[in-house]
Amino acid sequence: MAHTRHTGKPALDPARVRSEFPVLSRFVRDGKPLVYLDNAATSQKPALVIEALDEYYRHYNANVHRAIHHLAEEATTRYEEARTVIGSFIGAENPREVIFTRGTTESINLVAHAWGRKYVGADDEIMLSEMEHHSNMIPWQLLAKATGSRLVYIPVLENGELDLDAYRERLSSRTRLVALTQMSNVLGTINPVADMIRDAHRAGARVLVDGAQSVPHMPVDVKALDCDFLAFSGHKMCGPTGIGILYAKEELLETMDPFHGGGEMISKVSWHEATWADLPHKFEAGTPNIADAIGLAAAVGYLSSLGMDDIHRAEQALTAYALEALRTIEGLRIYGDAANRGGAISFVMEGIHPHDISHFVDQDGVAVRAGHMCCQPMMKKFGHPAMTRASLYLYNTRDDVDRLVEALERVKGFFNRAT
Ligand code: PLP
């Protein structure tokens, strides 16, 4: 059995991991074994996450923080335990700093409204990178329009890395916030966010890290990064859809205004005004997504049991294998050649539309994504309205990569014959 170099723990075994994900044994398209390579869009779920949801609904479904009956107590305890488990997974000091949201998108919108409308003014700048997902762009565009503030972009270089010199030059006392993805969902680039956060803080700016593509794939520690905000989604990390997290430093959450108003987020209410509940409840109006919070904690427990270091290491090895294999296909160009990168691999093939590629490989049971991947301005910069993306996760194997490469060769053969 292969062992991890330092820990003596068995190295990640994708074959064993695969067996824990029921959907991966499916056959699609007239009996083709499924090769799932659309993990940057959403990951598959292990049986224990599905069982955690089932157990909640079968055995202790009740609303939280309200009633004092047995089921309500059980549901409340498990919901708050979930917050603690997820908080320690990202190194948060206190579960009060962990807010349940619907996902990365809602987390970022929460910050744009509850922090941005209070602290960003007409002379201020919000700095984004050109590789941001629309989820980390549109909320800031809306904020800039509402406040008269200005968006400033960090350019992406040809190799898919950020232009860090331009970043440092553009940071100034006007920069109120830097909102930055830790891993690009298109280029796979892993940005040096710890250094960039240090630079931003020196300039007096706050930093929001979009962890949608990093938290599922590598160890992320909010204390080590010293980020002010971190947003991520459960569904990309083996958890359910409709649940995600906003981590924020307690001192910021304390002074921010609420995002949504309603039940649960108040302390005292009179006809014309109200005071707010303590953290984290001030930011969780209404009945929360109890089942999926518990499901996300199960997913976090699962990932932790495998070890985020090992998951990251295995994915990096598989990514290197996939990049090498894809480069053997003539006419295929990969976008994203950063020295530090993860397993989201986007490419174009000469003379073949990405949607055709996706459609054809799907006939062989291979699921990949085609489109603008919610990064329209960057796609335009690279001169392609769309690309094809294969994205890897902990259950993918070299065999999956080989099946993708064979399918792509068949697509190429088909189009070569047709022209
Ligand atoms: N940020 C990045 C980098 C992403 O890849 C995604 C989803 O693909 C998001 C944000 C948005 O995540 P969600 O749709 O779960 O809110």
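Read-outs: derived from the displayed coordinates by stated rules, not from any lab. Here the structure is a predicted model, which means the values were calculated and not measured. When we count neighbours, we look across all protein chains shown, and the Cβ atoms used for this are built from the backbone with ideal geometry, even at glycine.
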The exposure ranking of 304, 135, fewest beta-carbon neighbours within 10 Å first, is 304, 135
Rounded to the nearest whole number, the Stokes-Einstein translational diffusion coefficient of the chain at 10 °C and 1.306 mPa s (Kirkwood radius, C-alpha pairs) in µm²/s is 70 µm²/s
Burial-style ranking of 60-70, 161-171, average other-beta-carbon count within 10 Å with highest first, yields 161-171, 60-70
Place a point 7 Å from the Cα of residue 118 in the direction of its beta carbon; the residues of segment 76-98 whose amide N falls under 19 Å from it are 94-98
In whole angstrom, the spacing between the Cα centers of segment 181-213 and segment 28-55 equals 29 Å
Using alpha carbon centers only, segment 65-81 is separated from segment 356-419 by a whole-angstrom value of 46 Å
The ³J(HN,Hα) series, computed from each phi in segment 134-150 with the Karplus coefficients 6.51, -1.76 and 1.60 at θ = phi - 60°, rounded to the nearest Hz and given as x for glycine or proline, is 3, 5, 10, 10, 4, x, 7, 4, 5, 5, 4, 5, 6, 10, x, 7, 10
Along segment 300-307, Karplus-curve 3J(HN,Hα) (6.51, -1.76, 1.60; θ = phi - 60°) to the nearest Hz, with x for Gly and Pro, reads 5, x, 5, 4, 5, 5, 7, x
Note on the chain, DSSP bridge orientation, antiparallel percent to nearest 5 equals 60 percent
With +1 on the Cβ of every Lys and Arg and -1 on the Cβ of every Asp and Glu, the dipole magnitude of segment 215-299 about its Cα centre, in debye rounded to the nearest 20, is 280 debye
Measuring from the longest principal axis of the C-alpha atoms of the chain, the long axis of helix 354-363 (C-alpha) lies at a number of degrees, nearest 10, equal to 70 degrees
Between residue 145 and residue 328, the FRET efficiency computed from the C-beta separation at R0 = 41 Å comes out, to the nearest 0.05, as 0.30
To the nearest 0.05, the calculated FRET efficiency linking residue 58 and residue 88 through their beta-carbon distance, R0 being 25 Å, is 0.35
Exposure-ranked with fewest Cβ neighbours within 10 Å first, 232, 21 stand as 21, 232
The size of the Cβ-based charge dipole (Lys, Arg +1; Asp, Glu -1) of segment 50-305 about the Cα centre, to the nearest 20 debye, is 480 debye
Residues whose modelled amide H sits under 5 Å from the amide H of residue 40, counting only those 5 or more places away in sequence or on another chain, are 391
Under 17 Å by backbone N from the virtual spin label 7 Å along Cα-to-Cβ at residue 16, the residues of segment 199-242 are none
Amide H proximity to residue 13 below 5 Å, modelled H, separation 5+ or other chain, gives none
In nanometres, the difference between 0.36 nm per residue of separation and the alpha-carbon distance of residue 223 and residue 339 is 39.3 nm
Sorting 69, 160, 183 by the position of each Cα along the dipole of the chain (Lys, Arg +1; Asp, Glu -1; all at Cβ), the one nearest the positive end of that ordering is 160
Output ordering of 212-218, 262-268 (per-residue mean of other Cβ within 10 Å, highest first) is 212-218, 262-268
In whole Hz, the Karplus estimates of ³J(HN,Hα) for segment 97-112 (6.51, -1.76, 1.60; θ = phi - 60°; x where Gly or Pro) are 8, 10, 10, 7, 10, 7, x, 3, 4, 5, 4, 5, 4, 4, 5, 4
Asserting the computed 222 nm helical MRE of the chain (DSSP H runs at least 4 long, -39500 (n - 2.57) per run, divided by residue count, to nearest 500) equals -11500 deg cm²/dmol
